[in-house]
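Each remark here refers to the structure printed beneath this line.
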Amino acid sequence: QVQLVESGGGLVQPGGSLRLSCAASGSIFSIYAMGWYRQAPGKQRELVATISSGGITNYADSVKGRFTISRDNGKNTVYLQMTSLKAEDTAAYYCNAYHLGSYWGQGTQVTVSS
């Protein structure tokens, strides 16, 4: 079983950037597929980006070209670099790890507003 702790959220102006981090512990990080999901008020949780244990990435159409997911297996951490942020990116962002089971962090809030 793996434990996940997100950090890096906050308030940013439209067009700005943020980098989210998700630190994992309790298991062998490198075997997990990792992902970032988000949930805005009144909406369902949606996939933002994923990265496989082998480094293959996948993005939601709404963030392609603006967000980059990466992982550092030496630091047991997955990142989400977010650029050109828009108001519609405002949401709670959750880290997910998947390998024979799905595990979630507690979430970090991202608010894009002027």
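The values are calculated or read from the model by the stated rules, or taken from the named source; none is laboratory data. This is a predicted model, so every value here is computed, not measured. No Cβ is skipped: glycine too gets one built from the backbone with ideal geometry, and neighbour counts run over all protein chains shown. These area figures cover heavy atoms from the full protein model, side chains too; ligands, DNA and RNA do not enter into them. Shrake-Rupley method; radii C 1.70, N 1.55, O 1.52, S 1.80 Å.
With θ taken as phi - 60° and the Karplus curve 6.51 cos²θ - 1.76 cosθ + 1.60 applied, the whole-hertz 3J(HN,Hα) list for region 9-19 is x, x, 9, 9, 6, x, x, x, 10, 8, 10 Hz, x standing for glycine and proline.
3J(HN,Hα) couplings calculated from phi for region 49-61 with the Karplus curve 6.51 cos²θ - 1.76 cosθ + 1.60 (θ = phi - 60°) are, in sequence order, 7, 9, 9, 6, 4, x, x, 6, 10, 8, 10, 5, 4 Hz; Gly and Pro show x. With each label modelled as a point 7 angstrom along the Cα→C-beta vector, the Gln106-Ser7 pair spans 1.3 nm.
Full extension of the segment from Arg45 to Thr83, taken as 0.36 nm per residue of separation minus the current Cα-Cα distance, would add 11.6 nm.
In this structure Ser62 has an accessible area near 60 Å², from a 1.4 Å probe over the protein heavy atoms. Measuring max minus min along each principal axis, the C-alpha atoms of the chain give extents of 41, 25, 22 Å (largest first). Once backbone amide H atoms are built at 1.01 Å from N, Gly107 has Glu6, Cys95 as its partners under 5 Å, excluding neighbours fewer than 5 places away on the same chain.
Rolling a 1.4 angstrom probe over the protein heavy atoms with all chains in place gives the chain an accessible area of 51 Å² per residue.
Rounded to the nearest percent, how much of the accessible area of the chain (1.4 Å probe, protein heavy atoms only) is carbon and sulfur?
Carbon-and-sulfur percentage of accessible area, whole number: 49.
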